[in-house]
Amino acid sequence: PILGFSQMLLAHPENLRDTEAAQRYLGMINLAAKDAATVVTRLRDFYRPREGTESFGPVRLDEIVGQAISLTQAGWKDQAQAKGITISIETKLENIPPFMGNQVELRQALANLILNAVYALPRGGTITLSTRREEDHAILSVSDTGTGMTEEVRQRCLEPFFTTKGEEGTGMGLPAVYGTVQRHGGTLEIETEV
């Protein structure tokens, strides 16, 4: 998001005259920078145990979904359209009561899932984000109409540093998502087919 929104402002300086739009872009850049700092801190989770001193606060899942969509807009909309690709995001959000969690981690995890879905849509398509409640659990589902994964890739996709993106990928996205889900006492299920 930092790169995408700053490139958009550099490529279209006339947007800076629109104070409201410029403030929105700068707000997203600022939020993404703060999230990135937290992600860098979280990298330690791959090599050292978690400290029990961190605090969770109330989280509204629908807000996290909206923020993640906004933060990733440069990837799923602007950059895709520049390549002649149309990617749309649909939401199906139920009213989920607030729960205790880490907003930054959850927002970044969802942003990783959205950007992975974008990568799986080289010819365009749809990403669907849905929420629902089952008993006392909040369920967040991310699906796309993309290329899918082979069974071999699905088996390895949560391994740190494993990537199918070549030089474009770090192999840290899905492992970070998995770590976030575990820290929140949740489970992660990956269903895919080529």
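How about the stretch 76-94: which of its residues are free of Cβ contacts under 8 Å to residues at least 60 places away in the same chain and farther than 23 Å from VAL177 by Cα?
Those that are free of Cβ contacts under 8 Å to residues at least 60 places away in the same chain and farther than 23 Å from VAL177 by Cα: ALA80, GLN81, ALA82, LYS83, GLY84, ILE85, THR86.
Residues in the stretch 137-145: is at least one small (Gly, Ala, Ser), over 18 Å from ALA109 (Cβ atoms) and either touching an Asp or Glu at 6+ places or on another chain (Cβ under 8 Å) or in contact (Cβ under 8 Å) with a residue 12 or more places away in the chain (or both)? Working first, answer last.
Taking the stretch 137-145 as the starting set, the residues that turn out to be small (Gly, Ala, Ser) are 138, 141, 143.
Checking the rest, the ones that are also over 18 Å from ALA109 (Cβ atoms) come to none.
Within the stretch 137-145, none of the residues are small (Gly, Ala, Ser), over 18 Å from ALA109 (Cβ atoms) and either touching an Asp or Glu at 6+ places or on another chain (Cβ under 8 Å) or in contact (Cβ under 8 Å) with a residue 12 or more places away in the chain (or both).
In this structure, does ASN95 turn out to be of a type in the set (S, T, N, Q), crowded, with 17+ Cβ neighbours inside 10 Å and out of contact with any Leu (no Cβ under 8 Å at 6 or more places or on another chain)?
No, not satisfied.
Within the stretch 130-139, is even one residue surrounded by 15 or more Cβ atoms within 10 Å (Cβ to Cβ) and among the polar types (S, T, N, Q)?
yes
Can you tell me which residue within the stretch 146-164, out of those that are in contact (Cβ under 8 Å) with a residue 40 or more places away in the chain and of a type in the set (Ser, Thr, Tyr), is farthest from ASN112 (Cα to Cα)? First the steps, then the outcome.
Our first condition is that a residue be in contact (Cβ under 8 Å) with a residue 40 or more places away in the chain; within the stretch 146-164, this holds for 147-150, 160.
So of that shortlist, the ones also of a type in the set (Ser, Thr, Tyr) come out as 147, 150.
Working: THR147: 17, THR150: 20 Å.
Of everything passing the filter in the stretch 146-164, THR150 is farthest from ASN112 (Cα to Cα).
Please verify whether GLU152 is in a helix (DSSP H, G or I), farther than 21 Å from GLN81 by Cβ, open to solvent by 70 Å² or more (accessible area, probe 1.4 Å) and at pLDDT below 90, treating the condition exactly as stated. Steps first, answer last, please.
Values: in a helix (DSSP H, G or I): yes; farther than 21 Å from GLN81 by Cβ: yes; open to solvent by 70 Å² or more (accessible area, probe 1.4 Å): yes; at pLDDT below 90: no.
Criteria not met by GLU152.
Looking at LYS83 and the list (1) charged (D, E, K, R); (2) surrounded by 15 or more Cβ atoms within 10 Å (Cβ to Cβ); (3) under 21 Å from GLY4 (Cα atoms), which single condition is not satisfied?
(2)
Output yes when any residue across the stretch 111-123 is hydrophobic (A, V, I, L, M, F, W, C), touching a residue at least 24 places away in the same chain (Cβ under 8 Å), part of a helix (DSSP H, G or I) and closer than 16 Å to ALA33 by Cα, and no when none is.
Checked against the condition, which is being hydrophobic (A, V, I, L, M, F, W, C), touching a residue at least 24 places away in the same chain (Cβ under 8 Å), part of a helix (DSSP H, G or I) and closer than 16 Å to ALA33 by Cα, the stretch 111-123 yields at least one hit.
When GLY171 is evaluated against the numbered criteria (1) on the phi > 0 side of the Ramachandran plot; (2) open to solvent by 40 Å² or more (accessible area, probe 1.4 Å), which criterion, by number, is the only one it fails?
(2)
State whether the residues of the stretch 174-192 include one that is open to solvent by less than 40 Å² (accessible area, probe 1.4 Å), of a type outside the set (A, V, I, L, M), outside any strand (DSSP E or B) and closer than 27 Å to LYS83 by Cα.
Looking through the stretch 174-192, none of the residues is open to solvent by less than 40 Å² (accessible area, probe 1.4 Å), of a type outside the set (A, V, I, L, M), outside any strand (DSSP E or B) and closer than 27 Å to LYS83 by Cα.
The values are calculated or read from the model by the stated rules, or taken from the named source; none is laboratory data. Predicted model only: the values in this text are computed from it and were never measured. Please note: Cβ atoms are built from the backbone with ideal geometry, for glycine as well, and neighbour counts cover all protein chains shown. Side chains included, ligands, DNA and RNA excluded: accessible areas come from the protein's heavy atoms. Shrake-Rupley method; radii C 1.70, N 1.55, O 1.52, S 1.80 Å.
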